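The values are calculated or read from the model by the stated rules, or taken from the named source; none is laboratory data. Note that the structure is a prediction, hence the values are computed from the model and not measured. With ideal geometry, Cβ positions are generated from the backbone for all residues, glycine too; neighbour counts draw on all protein chains shown. For accessibility, only protein heavy atoms count, side chains too; no ligands or nucleic acids. Shrake-Rupley method; radii C 1.70, N 1.55, O 1.52, S 1.80 Å.
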Amino acid sequence: MSAADEERAGGGDLIAVVGATGTGKSDLGIAIAERLRAAGRPAEIVNADAMQLYRGMDIGTAKLSVEERRGIPHHQLDVLDVTDEASVAAYQRDARAEIEAIHGRGNVALLVGGSGLYVSAVLFDLAFPGTDPELRAHLEREHEELGPGILLERLRGLDPAAAATIDARNPRRLIRALEIASRSEVVTPSLPSAPRAWRPARILHLHRERAQLVAALHERAARMFDAGLVEEVRGLREQGLESGRTARAAIGYSQALEVLRGDATVDQAVEATGIATRKYARRQVSWFRRYADAELLDVTGADRAALTAAARRIVP
C-alpha cells in the first residue's frame, strides 16, 4: 500500500463532510468520529454551518443536541449572539485555529457543514478583507436615501465581475460588495477554478437525488415548525434577533418572524421555508460540484443506519 493509500485508508488528519442541506452530513460526521474513536484515533468536529454559529438557533438549523453529539467534542457552535454579524474572515481564522489545536492534541479534525464559502475558507487559500465600519455606515445611508441603483452602478465601475453576479435586491450583499470594491486589498471572494489547498484534506461530498431531496426538504421545514420554531424565534426576538443582520435573514427564522408579526400563517411560513431551502440547496450543489478532488458519496435513500455503514467503509 502506498503512502497515499495509507492516508486515504486512515482518513487523514483533516476530513471534510460537505453537501447540500438534508443530505445527512451531521449524522455521517458523528458516525465517522465514532468509527475513528473505536480505532484509537480520537476525532473532533468543527462546525461549518454559518447559522449554527449562533446561540439559541437550534431548531431551524437542525443543530445536534448535546446528547446527539455522543461525546464527540464539537467546535464553532454557539459562538455568536443573534445580534452579531457572522464574518467568514473571522470564521476562517477561528476554525483553522481549532483544527490546528485538534491536530496538536494528536486527534483527527472533521469539518462538517454545508455553508460553501465557509467550508472553502478553511480548506483553500482564500483571502478576505477586513471591514470598514465608517465606509459601511456611509454606504448604508446612501442605500437608504438613494436606493440600490446608484450603488450598483458604482459597483459596475469598480468591479464589473462582482456587479454582474450580485443580487441588487439584497442590500447587505450589495453594500458589502461595494465596500470591498472601494478598498485597495486584493481579495478572492469566491472559489477560484483551481484553488490551492490550505493543507491536505479528504473531502467527502454527499449527494442525494433531487426528487428525494426536494421532498425531504419540505418535510424538514414542516418538522421544524412542528418542533417549536416559532417559539424559539419568539425567545430570540426578545434577545434582539430582528436587529441582527445575518441571523434574522436565516431560512426559517425570517419566515417565523413573519408569523410573529402577523404577516403570514404557519402554513404559509412552512411553504416559504421549503421553497427557500430548495433554492439554497441548489446553490450548495452547484458550489460543491466544483470540488474536483472530493469523493462523491450517493446517499439517496440512506437513513442513519446506512450512514453508519458508510462510515465503516470510509474508515476501515
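Packing-wise, with mean Cβ within 10 Å as the measure, how do 199-207, 35-43 rank, highest first?
Ranking the peptides 199-207, 35-43 by packing returns 199-207, 35-43.
Out of the range 72-176, which GluC sites (Glu not before Pro) are coil in DSSP terms and have no more than 14 other C-beta atoms within 10 Å? Kindly include the intermediate steps, with their values, before the conclusion.
On the way: sites: E85, E98, E100, E134, E140, E142, E144, E145, E153; in loops: E85.
The qualifying sites are E85.
How much of the pair distance distribution for the range 14-141 lies past 26 Å, counting alpha-carbon pairs only, in percent?
On the way: 1895 of 8128 pairs.
Every Cα pair in the range 14-141 considered, those over 26 Å come to 23 percent.
Just grab the label-to-label distance for A161 and E258, each label 7 Å out from Cα along the Cβ direction, in nm (one decimal).
3.5
So what is the 222 nm mean residue ellipticity for the chain from helices alone, if each DSSP H run of at least 4 adds -39500 (n - 2.57) and you divide by all residues, rounding to the nearest 500 deg cm²/dmol?
On the way: 13 runs with 159 residues, N = 316.
Rounded to the nearest 500, the figure is -15500 deg cm²/dmol.
Give the accessible surface of the chain per residue, rounded to a whole number of Å², with probe radius 1.4 Å and ligands, DNA and RNA excluded. Display every interim value, and only then the final one.
Numbers: 15560 Å² over 316 residues.
In whole numbers, the chain has 49 Å² accessible per residue.
Need one number: % antiparallel among DSSP beta bridges in the chain, to the nearest 5.
Taking every DSSP beta bridge within the chain, about 5 percent pair in antiparallel fashion.
Between L77, L155, L14, find the one with the highest GNM mean-square fluctuation for the chain; connect C-alpha pairs within less than 10 Å.
Among L77, L155, L14, the largest GNM mean-square fluctuation belongs to L155.
Would you indicate which of [x] 64, 46, 35; [y] 60, 40, 35; [z] 67, 37, 34 is the value of Cα extents along the principal axes in Å derived from the coordinates of this structure?
After the calculation, the listed value that fits is [x].
Could you tell me whether the range 194-316 comes out rounded, prolate or oblate from its Cα gyration tensor? Rule is a ≥ b ≥ c as square roots of the eigenvalues, rounded for a/c under 1.5, then prolate if a/b exceeds b/c, otherwise oblate.
prolate
Please go through the range 95-177 and write out the trypsin sites (Lys or Arg not before Pro) that DSSP classes as loop and that have at most 13 other C-beta atoms within 10 Å.
Answer by residue number: R105, R169.
When the accessible area of the range 56-98 is split by element with a 1.4 Å probe, what percent falls to carbon and sulfur?
49
Just to confirm my numbers, what's the Cα centroid distance between the range 195-225 and the range 101-166 in Å?
If you average the Cα positions of each part, the centres end up 22 Å apart.
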